[in-house]
Amino acid sequence: MRTRFAVTLMLLAAGCSKSGSQEQAPPMESGGGAVAAAPAGAAGDPAAKAKEIFQQRCTPCHGPAGEGDGPASAGLNPKPRKFSDAEWQKSVNDDHLVKVIRYGGAAVGKSAAMPGNPDLSDPAVIAALKDVVRAFSK
Ligand code: HEC
């Protein structure tokens, strides 16, 4: 009985607030510009996302400092190179890095042990991952 009473009250309350918010719709919408801008800003931090992804997906092989010494690198041949190698950094352009990260080593004639990341469909995140790789030699 008590529960039923509570539910009835909740339904009543929900009904009230619903009609209340409908009445308040115009003022809420005028503030909607600021609210609409917020999600765009929150979604738009590819750099933070890329750092997180690097920690999760790349460090097992590439190591936390990009030195190619992650725990899963032991059995790899060839081993992942040191991203700190400035000569190598100069020898590859950004397109190459983006392609390796997106499609894997085999796509650029490198080891297929370097996996692609086809699920990362946001080009900004792939570009930011490339920046993470670049940053290891700076
Ligand atoms: C399963 C192990 C593994 C994982 C996970 C991995 N890599 Fe690699 N990666 C490799 C190996 C092995 C190579 C070396 C390929 C070669 O030299 O033929 C490589 C090479 C690379 C290269 C250099 C390509 C070149 O031209 O020399 C880049 C850049 C790279 N990986 C980025 C990443 C990023 C970013 C991630 C995470 C999204 C990642 N890798 C995840 C194993 C891995």
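The values are calculated or read from the model by the stated rules, or taken from the named source; none is laboratory data. Remember, it's a predicted structure, so these values are computed and weren't measured experimentally. Heavy atoms of the whole protein, side chains included, go into the accessibility calculation; ligands, DNA and RNA do not. Shrake-Rupley method; radii C 1.70, N 1.55, O 1.52, S 1.80 Å.
One way to sum up the overall shape of region 78-121 is the equivalent ellipsoid from its Cα gyration tensor, whose semi-axes run 18, 13, 9 Å, largest first.
For Glu52, the solvent-accessible surface computed with a 1.4 Å probe is close to 110 Å², ligands and nucleic acids excluded.
In region 40-123, the ratio of gyration radius to Kirkwood radius, Rg to Rh, stands at 0.97 when only Cα atoms are counted.
Counting only residues at least eight positions apart within a chain, or on another chain, the aspartates and glutamates with an alpha carbon under 13 Å from that of Lys49 are Asp122, Asp131.
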